[in-house]
1. Across the range 50-85, what is the number of residues that are out of contact with any His (no Cβ under 7 Å at 6 or more places or on another chain) and either assigned to a loop (DSSP other than H, G, I, E, B) or of a type in the set (S, T, N, Q) (or both)?
2. Which of the residues spanning the range 71-90 are more than 8 Å from the ligand (Cβ to nearest atom) and open to solvent by 60 Å² or more (accessible area, probe 1.4 Å)?
3. Based on this model, can you work out whether A36 counts as modelled with pLDDT of 95 or more, surrounded by 17 or more Cβ atoms within 10 Å (Cβ to Cβ) and in contact with a strand residue (DSSP E or B) (Cβ under 9 Å, 6 or more places away or on another chain)?
4. In the range 34-48, what residues are part of a loop (DSSP other than H, G, I, E, B) and farther than 11 Å from W80 by Cα?
Amino acid sequence: MSTHNHPRRIVLRSLFATGCALCLPRLSLAQSGKMAKAQAQYQDQPKGDQKCGNCMHFIPPDSCMVVEGNISSDAWCRLWVKKPAEAPIGKM
Ligand code: SF4
């Protein structure tokens, strides 16, 4: 009997291939480290007084720490978190 066609090897190869296929989408998401705009429900308009420009994840002028792509300071997504107020400089 050929060792290449051993049923246990075939089963193990199939399980390995399936496992790799299931892991690939997670790895590609982890590589970018950011969520797609659609997943974050990104929209071009603010939501009330919530907008990227006052979100703690916003990186001026047009990026975000957690959502991929170009980000407008007037946009919004469901990951919005209020940016903490900056402490006045020189006051202790
Ligand atoms: S609202 Fe969403 S897209 Fe905008 S800066 Fe915050 S996390 Fe990023």
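The values are calculated or read from the model by the stated rules, or taken from the named source; none is laboratory data. These figures come from a predicted structure and were not determined experimentally. Here Cβ is always computed from backbone atoms with ideal geometry, including for glycine, and neighbour counts include all displayed protein chains. For accessibility, only protein heavy atoms count, side chains too; no ligands or nucleic acids. Shrake-Rupley method; radii C 1.70, N 1.55, O 1.52, S 1.80 Å.
1. Of the range 50-85, the ones out of contact with any His (no Cβ under 7 Å at 6 or more places or on another chain) are 50-63, 67-78, 80, 82-85.
Right, trim to either assigned to a loop (DSSP other than H, G, I, E, B) or of a type in the set (S, T, N, Q) (or both) and you get 50-51, 54, 56-57, 60-63, 68-75, 77-78, 80, 83-85.
Number of matching residues: 23.
2. D74, K82, K83, P84, A85, E86, A87, P88, I89, G90 - these are the residues of the range 71-90 that are more than 8 Å from the ligand (Cβ to nearest atom) and open to solvent by 60 Å² or more (accessible area, probe 1.4 Å).
3. Working: modelled with pLDDT of 95 or more: yes; surrounded by 17 or more Cβ atoms within 10 Å (Cβ to Cβ): no; in contact with a strand residue (DSSP E or B) (Cβ under 9 Å, 6 or more places away or on another chain): yes.
Spelling it out, it is not the case that A36 is modelled with pLDDT of 95 or more, surrounded by 17 or more Cβ atoms within 10 Å (Cβ to Cβ) and in contact with a strand residue (DSSP E or B) (Cβ under 9 Å, 6 or more places away or on another chain).
4. To start, the set of residues in the range 34-48 that are part of a loop (DSSP other than H, G, I, E, B) comprises 34, 36-42, 44-46, 48.
Listed by number, the residues that qualify are K34, A36, K37, A38, Q39, D44, Q45, G48.
Yes/no matrix, rows are residues, columns are (1) within 18 Å of the chain's Cα centre (by Cα); (2) near the ligand (Cβ under 7 Å from one of its atoms); (3) aromatic (F, W, Y):
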position: A38; (1), (2), (3): yes, no, no
position: Y42; (1), (2), (3): yes, yes, yes
position: C55; (1), (2), (3): yes, yes, no
position: I59; (1), (2), (3): yes, no, no
position: V66; (1), (2), (3): yes, yes, no
position: G69; (1), (2), (3): yes, no, no
